[in-house]
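Derivation of every value follows stated rules applied to the coordinates shown; laboratory data play no part. As the structure is a computational prediction, the values presented were derived from the model and not from experiment.
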Amino acid sequence: MSALTRLAAALTFCALLGVTAAADAQGSVDIRRPHTGSRPVQLDFHGGLSWWGWGAATGVRFGFPILENGFIPSINNAVYLNFGADFYWVRWRRNGSDWDYHAGLGLPVTLHWEFYFDERWSAFIEVGGQVFFHPRFFRGDPYDVYEGGYWFVAAAGGSFHINENVLLTLRVGSPYVAFGVTFQF
């Protein structure tokens, strides 16, 4: 495990500890109280750093609730199905030895499981897959089927709820680390 990966894991762990501590101190929304009613649709815009090719990643995700009160009915949690598009500006080896940066595109589908600690904090894990269009695909270069095409997506993160409709969201995982804004409606 690289030093950067260990750092990202440590920061995520500390953030989740902070979320748990804040949950004990606040509000009427409580993880120990199951949710009643419906969940909002989520629209997430994010940007960050890609692990693959060491570059930039940005994207958009749409989250649709599929379980209003999650896999654990005794606590406040929800399960979403997320669809989206991720745009990459990544470094890759072109023509055997030259390194260059070019655009790539990913189309992720993930299962997003969110835990609501209180009115201000939530944390999530997500797993899924992503169809990936390598930079060679867009450049018209010869495309090797072993250079991507599909990725496993796994991430953990948390959200600070500015209000019931706007959240600041941090996501750490594969294929990138990203920070963004989530809108709920």
Length gained when the stretch residue 131-residue 83 is fully extended (0.36 nm per residue, less Cα-Cα span): 16.1 nm
HN-Hα couplings for segment 79-87 via Karplus (6.51, -1.76, 1.60; θ = phi - 60°), in whole Hz with x for Gly/Pro, come out as 10, 10, 9, 9, 10, x, 9, 10, 10
